[in-house]
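Here is the structure we will look at.
Rule-based calculations on the coordinates, nothing more; no lab input. All of these numbers come straight from a predicted model, not from anything done at the bench. Backbone-built Cβ (ideal geometry, glycine too); neighbour counts: all protein chains shown.
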Amino acid sequence: MIQPATPDAGSSLSGSTGADIYSRLIGDALCAPAQSPAWVAAWMRHSGLDHLIATIDRGDGTQIVLPLEIVARGPFRVARFMGGSHANGNFPAVAGVPRRAAGSVDLAAISAAVRAQRPDIDLVHLERLTDEQSGAANPLAGLASMQSPNIALSVDLAGGFDALLTRASGKRKRKKHRSQTRKYEAAGGVRRLEATTVDEVDRLLTAFFAMKRERFRKMGVADVFADAQVQLFFRSLFADALRSSPPQFVLHGIEVGGVLRAISGSSRAGGRLICEFGAIAEDDLVNSSPGEFLFFENIREACEQGYAIYDFSVGDEHYKRLWCDIETKHFDLVIPVTLKGRGLAAVIRLASGIKRFVKSNELIWGLVKRLRKQAAAPQPAADDAD
């Protein structure tokens, strides 16, 4: 049975009440960073969206707990993981008996129960689910699903940093890192920093949002960090994380000549350090790859701190391939709740299949990215056209 975890059945959640209920429900259950109480509380506080925390009773003393937000897609209302495209490597909390393998969960029963509690919801769309978390199986992995369009890349840190470099073109990486260090020292000195105060969190995130805005503009894609509420969410998430040691969410940056040139935001999940996002400044040092320099230092520190995996998260990029030796294919669940939702489900499945095909074809995907950049490039004025 799936039901909203609220004082009154069928009602939606907002503010601290819903976050407190979620935290109590899952206790210390295993979950992904984007399903953690800290993430859920910050998102509820700042997103301004309708929320629903659903529990699936598996009948064996355990409950699968899903923190969902409800968004409009044209005439449809869709329930999805809180955070939308910012929520990756998703893994729902399993409360009661930890680390149990997936049991029997029926899609039709979930659909019927959601319809009974929230008849306004047309579809449940759970994206970028991972098969396992810290060795525990995802309880939703046994359901009919489709592969997500994007893969995730990560690197095995077994044996420490020196051992990793022997497997990942270490001589070339060390040589480039030394060369970068000399350039940065000549440009005013280089410093890697970690945000340990609220002011430092604000400084790094302000720079990050500006870097991303410029980068997305040049790429010709929408800036998913542009919304003021999204920015408030991340400021709150990383600032609140400072209350714990070590913080679950942490910001790092590379400063050259007193100017921030590269920034990463990471989450900690058991033996895995996950890069949730990163950005570089499009300035005079962009060609010296400050982002690669920062990842070199982040991965080295992850090894020193005993992490088993450095996870670059969703997206297949060249700078990730320079390190990674593990590919992870996430899966999506599309669960129609209404007749109207069935039509949307068919569209989503078709669109996902097309995206997966395009992104798996290097030639086609490269062409798409080039066309987007050309479309985003400034056009010459009419007087200058000739």
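State the answer as a single residue: which of Leu126, Ser23, Pro149 lies farthest towards the positive end of the charge dipole of the chain, with beta carbon charges of +1 for Lys and Arg and -1 for Asp and Glu, about the Cα centre.
With unit charges placed on the Cβ atoms, the residue in question is Pro149.
Rg to Rh for the chain: what is it, with Cα atoms only and Rh by Kirkwood?
With Rh from the inverse mean 1/r over Cα pairs, Rg/Rh is 0.98.
FRET efficiency for Ser288 and Glu132, Cβ-Cβ distance as r, R0 = 51 Å, nearest 0.05? Could the numbers behind the result be given before it?
On the way: r = 38 Å, r/R0 = 0.75.
That pair, Ser288 with Glu132, gives E of 0.85.
Hey, what do the phi angles of segment 65-77 turn into as Karplus ³J(HN,Hα) couplings, whole Hz, using 6.51/-1.76/1.60 and θ = phi - 60°, x for Gly and Pro?
Calculated HN-Hα couplings, in order: 10, 10, x, 10, 10, 10, 10, 8, 10, x, x, 9, 10 Hz.
Explain nothing, just the number: dipole magnitude of segment 158-307 about its Cα centre with +1 on each Lys and Arg Cβ and -1 on each Asp and Glu Cβ, in debye rounded to the nearest 20.
Working: 24 positive and 19 negative charges, 165 e Å.
Approximately 800 debye in magnitude.
Give me Arg235, Arg349 ranked fewest to most by other Cβ atoms within 10 Å of their Cβ, as a rough exposure proxy. Don't jump to the answer; show the numbers that get you there.
Details: Arg235 18, Arg349 13.
Ranking Arg235, Arg349 by Cβ neighbours within 10 Å, fewest first, gives Arg349, Arg235.
Please turn the phi angles of segment 275-287 into ³J(HN,Hα) values with the Karplus equation 6.51 cos²θ - 1.76 cosθ + 1.60 (θ = phi - 60°), one per residue in order, whole Hz, x for glycine and proline.
7, 6, 6, x, 7, 10, 7, 8, 10, 5, 9, 4, 6
Could you tell me which GluC sites (Glu not before Pro) in segment 209-299 are loop residues by DSSP with no more than 16 other beta carbons within 10 angstrom of their beta carbon?
Values: sites: Glu214, Glu255, Glu276, Glu282, Glu292, Glu297; in loops: Glu282.
Answer in residue order: Glu282.
What does the charge dipole of the chain about its Cα centre add up to, to the nearest 20 debye, if the Cβ of each Lys and Arg holds +1 and the Cβ of each Asp and Glu holds -1?
Details: 48 positive and 43 negative charges, 190 e Å.
Roughly 920 debye, rounded to the nearest 20.
For an R0 of 35 angstrom, estimate the FRET efficiency from the Cβ-Cβ distance between Thr166 and Lys359 and round to the nearest 0.05. List each step's numbers first, then the result.
Values: r = 31 Å, r/R0 = 0.89.
Given R0 = 35 Å and the Cβ-Cβ separation, E is 0.65.
Given the options Tyr184, Ser236, Ile64, identify the residue whose Cα lies farthest towards the positive end of the charge dipole of the chain (+1 on Cβ of Lys, Arg; -1 on Cβ of Asp, Glu).
It is Tyr184.
Using only the alpha carbon atoms of segment 158-307, find the Kirkwood hydrodynamic radius as the inverse mean reciprocal pair distance, in angstroms to one decimal.
On the way: mean 1/r = 0.0615 Å⁻¹.
Taking every pair of different Cα atoms in segment 158-307, averaging 1/r and inverting gives 16.3 Å.
So how far apart, in nm, are the two label points at Gln229 and Arg192 if each is 7 Å from Cα heading toward Cβ?
Each label point lies 7 Å from its Cα, and together they span 3.7 nm.
Within a 10 angstrom radius of the beta carbon, how do Ser245, Ser36, Ser267 rank from fewest other beta carbons to most?
Values: Ser245 6, Ser36 22, Ser267 26.
Least crowded to most crowded, the residues run Ser245, Ser36, Ser267.
Rounded to the nearest 500, what is the chain's calculated 222 nm mean residue ellipticity when only DSSP H runs of at least 4 contribute -39500 (n - 2.57) each, over all residues? Numbers along the way, then the final one.
Details: 11 runs with 149 residues, N = 386.
The helix contribution divided over the chain gives -12500 deg cm²/dmol.
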